[in-house]
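The values are calculated or read from the model by the stated rules, or taken from the named source; none is laboratory data. What you are looking at is a predicted structure, and each value in this text was computed from that prediction instead of being measured. With ideal geometry, Cβ positions are generated from the backbone for all residues, glycine too; neighbour counts draw on all protein chains shown.
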Amino acid sequence: MTKYYPNKPIYSLLITLIFLTSCNGQVKPVMQKVNENTLGRQAKIPKPTGTNMDVRLGYSIEDTDGNLWFGSYGEGLFKYDGKLFVHFGMEQGLSSNTIYSILQDNTGNVWVGTSKGLNMLDGNKFVSIPIVLSNNNASYLKNSNNDITPTENAVWSMMQDKSGTIWFGTDDAVYCYDGKAFSRFLDNQFLINNDSLQLKGIFSILEAKNGNIWFAECAGEGVSSFNGKTLSTIIPYKEIGRTDRIIEDKQNNLWFATAFKGIGKYDGKTYTQNIFRDQDLNGSYNILEDANGNIWFDTQDGLGFYDGKKLNILAEKEGTVVKDFIPILLDKAGNLWFSSKGIKLYKYDGKTFTNYSE
């Protein structure tokens, strides 16, 4: 998977936002009913239509109505209601067809982070939501109204915390949205940042069960944690490298899917690099835990899972259709969903793999 950093002008602001400096509050925008009568619907997810036939699905969620949303790296967004797939692309308002993150907030709104900024679902289309601040201390472009608008920003990760604040990991900073306005997390005057972290290029954000916020950064700062007062480096970049995903398991261990240093595990005191001793050290793109506590991730040898005692690799002869599966979603029914090149999509119910792609 190639991750890149675009640089083009951002769309104009579609909703009025008032700047606040803290990361507290509730998110209360109004969600509109989606009318999909005019959108194309089909029983299986379609093949890539662009020049890159190796496009795959990435970040995915299940919403409160049971719909599954699958983001792709170049072919837009797909919604599956259990019967049919609906495609959303730039024609439906997405800023880009390259999707990095998806979130449904606690009021029902669906947010999508793309390679060219932030979008929100509004009816049967998406609208652009620029992250607009009134902070003269940051390096943003001024518009004619003397507001300061961030340059076009890839939104790699999103997370809504227990208080309702939404956190966005972007190319240039971490931002918070309290339901009324955006603020830059590092602008919090009460924050202690002794390591002078910049938090640029955050690929994954996690709120742990104890309330700490974890950040996986790709540009040299490693993995850091915020305990409500202090932001600190926990795992230096030289030990973990680029980290694409953080999860917390049922025993409160943190697991890290890293790009070049294998699967990592942190038990609250010690970080273990390449815990499964991957010889190639090519790492994994994603990692998730199923309902039984198995940890699933992609390996160079095939789809792997750790059952608490040993690493298991599912080879093609054991039921998988292709070797390059990446886990992307655990749905509420306990099914696992996997992607592979060419927008291939498969569901695994614990016994059988079902193909949902053309």
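Looking only at residues in the range 67-82 that are among the hydrophobic types (A, V, I, L, M, F, W, C) and in contact (Cβ under 8 Å) with a residue 60 or more places away in the chain, which one is surrounded by the fewest Cβ atoms within 10 Å (Cβ to Cβ)?
Going through the range 67-82, the residues among the hydrophobic types (A, V, I, L, M, F, W, C) turn out to be 68-70, 77-78.
Subset that is in contact (Cβ under 8 Å) with a residue 60 or more places away in the chain: 68, 70.
Working: Leu68: 23, Phe70: 26.
Here the residue is Leu68.
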Checklist line | Checklist (1) of a type in the set (S, T, N, Q); (2) at pLDDT below 95; (3) crowded, with 19+ Cβ neighbours inside 10 Å applied to Asn97, failing item | finding: (2)
Note to self: So Ile246 passes all but one of these: (1) out of contact with any Lys or Arg (no Cβ under 8 Å at 6 or more places or on another chain); (2) touching a residue at least 40 places away in the same chain (Cβ under 8 Å); (3) part of a loop (DSSP other than H, G, I, E, B); (4) under 25 Å from Ser72 (Cβ atoms). Which condition number does it fail?
What the structure shows: (3)
Margin query: Give me the residue from the range 54-69 that is part of a loop (DSSP other than H, G, I, E, B) and within 15 Å of the chain's Cα centre (by Cα) and, out of that set, farthest from Val86 (Cα to Cα).
Written below: Arg56
Check: What are the residues in the range 191-244 that are surrounded by fewer than 15 Cβ atoms within 10 Å (Cβ to Cβ), hydrophobic (A, V, I, L, M, F, W, C) and under 15 Å from Phe260 (Cα atoms), if any?
Finding: Ala219
Item checked: For Gly179: the one exception among (1) modelled with pLDDT under 95; (2) surrounded by 18 or more Cβ atoms within 10 Å (Cβ to Cβ); (3) within 20 Å of Ser101 (Cα to Cα) -> (2)
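So how many residues does the range 83-94 have that are part of a loop (DSSP other than H, G, I, E, B), surrounded by fewer than 20 Cβ atoms within 10 Å (Cβ to Cβ) and over 19 Å from the mean Cα position of the chain (by Cα)? It would help to see each step written out before you state the result.
So in the range 83-94, the residues part of a loop (DSSP other than H, G, I, E, B) come out as 83-84, 89, 93-94.
After this cut, where a residue has to be surrounded by fewer than 20 Cβ atoms within 10 Å (Cβ to Cβ) as well, the list is 83-84, 89.
Still in the running and over 19 Å from the mean Cα position of the chain (by Cα): 83-84.
Result for the range 83-94: 2.
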Next item on the list: Could you tell me whether Thr64 is among the polar types (S, T, N, Q), in contact with a strand residue (DSSP E or B) (Cβ under 7 Å, 6 or more places away or on another chain), in contact (Cβ under 8 Å) with a residue 24 or more places away in the chain and farther than 19 Å from Val155 by Cα?
Entry: yes
Note to self: Return the residues of the range 110-129 that are closer than 22 Å to Gly169 by Cβ, in a loop (DSSP other than H, G, I, E, B) and out of contact with any Leu (no Cβ under 7 Å at 6 or more places or on another chain); say none if nothing qualifies.
What the structure shows: Ser115, Lys116
Next item on the list: Could you please find all residues in the range 334-355 being in contact (Cβ under 8 Å) with a residue 60 or more places away in the chain, part of a loop (DSSP other than H, G, I, E, B) and small (Gly, Ala, Ser)?
Entry: Gly342
Next item on the list: Could you give me the residue pairs with C-beta distances under 6 Å whose first residue belongs to the range 178-190 and is more than 12 Å from Leu133 (Cα to Cα), whose second residue is basic (Lys, Arg) and surrounded by fewer than 16 Cβ atoms within 10 Å (Cβ to Cβ) wherever it lies, and which are 6+ apart or on separate chains?
Entry: Gly179/Lys28
